[in-house]
1. Let me confirm something: among Leu162, Leu94, Leu157, which residue is buried (at least 16 other Cβ atoms within 10 Å of the Cβ), under 19 Å from the mean Cα position of the chain (by Cα) and at pLDDT 90 or above?
2. Filter the range 15-49 for residues that are touching a helix residue (DSSP H, G or I) at 6+ places or on another chain (Cβ under 6 Å) and part of a helix (DSSP H, G or I) and give the result.
3. Report, by residue number, each residue of the range 147-164 that is under 19 Å from Lys232 (Cα atoms) and in contact (Cβ under 8 Å) with a residue 60 or more places away in the chain.
4. Taking Tyr99 as the residue in question, decide whether it is under 20 Å from Arg197 (Cα atoms) and surrounded by fewer than 14 Cβ atoms within 10 Å (Cβ to Cβ).
5. What are the residues in the range 203-227 that are among the small types (Gly, Ala, Ser) and more than 19 Å from Lys182 (Cβ to Cβ), if any?
6. Of the residues that sit in the range 184-221 and are closer than 19 Å to Leu76 by Cβ and not in a helix (DSSP H, G or I), which one is modelled with the highest pLDDT?
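The values are calculated or read from the model by the stated rules, or taken from the named source; none is laboratory data. Since this is a predicted model, take the numbers as computed values, not measurements. Note that each Cβ is placed from the backbone with ideal geometry, even for glycine, and that neighbours are counted across all protein chains shown.
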Amino acid sequence: MEQRLLVIKKGGDFPSKIMQRFEEEGFQVRCCMEKSLIVPHLLNSKSGIIILENWGLHELEEIISYCMKQIPHVGLVVVSTEKYVPYRVKVLDLGANDYIEIPYHMDELVARVKTHLRRERLLLKAKSHEEQKGGIFPFSIKKNEVYKNDQMLSLSLREFQLLTFLIKKEGQVFSRRELLNKVWGYGEREELFCDIRTVDVTVRRVREKIEDYPKKPKYLLTKRGLGYFFQKRDESHGWPKASTMEITLKK
């Protein structure tokens, strides 16, 4: 099956080398180099992955935000000369799947793109019609929907996959590398092509959407030195009732 790739590049030379190399690898490649044409390209895109090259942070924020809302299933790989670590973390925080610094080796770019596509295929293949109707966060794997207080949460595909995986494994602690394998679909060798902080960024985004107080989470928790886990916490799971709190305060 032919894979589709969209390259969205800002200025500079036409990405002929990228296009030629990926076409040799069996990809159907399209390119966009004008900001005014990005939205039409994305609306008509049937690409499995998009490479964003040489865009500034503000522009990336616009493009990634649009992609997350309109085509959340498509992988986003950002390519840039920026070496500043907070910039790279911010790019991942916005929703990009990967970040590659220029200069890079073409073999590495091809390997990373193939890795993202491969793991997405595996995740989709493993997808079932499983649903959880009860609990704090009812969800439907079939519909990619999670609810809290009868309101559907606005989650990206990766955020949805991480949250539902941890809900189903309630109480079990998973390291970041284990989550890269079980949720992101990476094997041990493929982890070399991924920034492990991607897990931390995704966890933070999920907390911002499910927790009442993200900086003091009560559902998606951290086990210091070990990893992350999901725990149901309400009055029936350990939270003190109002009467107990009043007695404690009076003492």
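1. Step by step, each of Leu162, Leu94, Leu157 is checked, and only Leu162 is buried (at least 16 other Cβ atoms within 10 Å of the Cβ), under 19 Å from the mean Cα position of the chain (by Cα) and at pLDDT 90 or above.
2. Arg21 - this is the single residue of the range 15-49 that is touching a helix residue (DSSP H, G or I) at 6+ places or on another chain (Cβ under 6 Å) and part of a helix (DSSP H, G or I).
3. Selection gives Lys148, Leu163.
4. For Tyr99, the condition - under 20 Å from Arg197 (Cα atoms) and surrounded by fewer than 14 Cβ atoms within 10 Å (Cβ to Cβ) - is not met.
5. Gly225 - this is the single residue of the range 203-227 that is among the small types (Gly, Ala, Ser) and more than 19 Å from Lys182 (Cβ to Cβ).
6. Trp184
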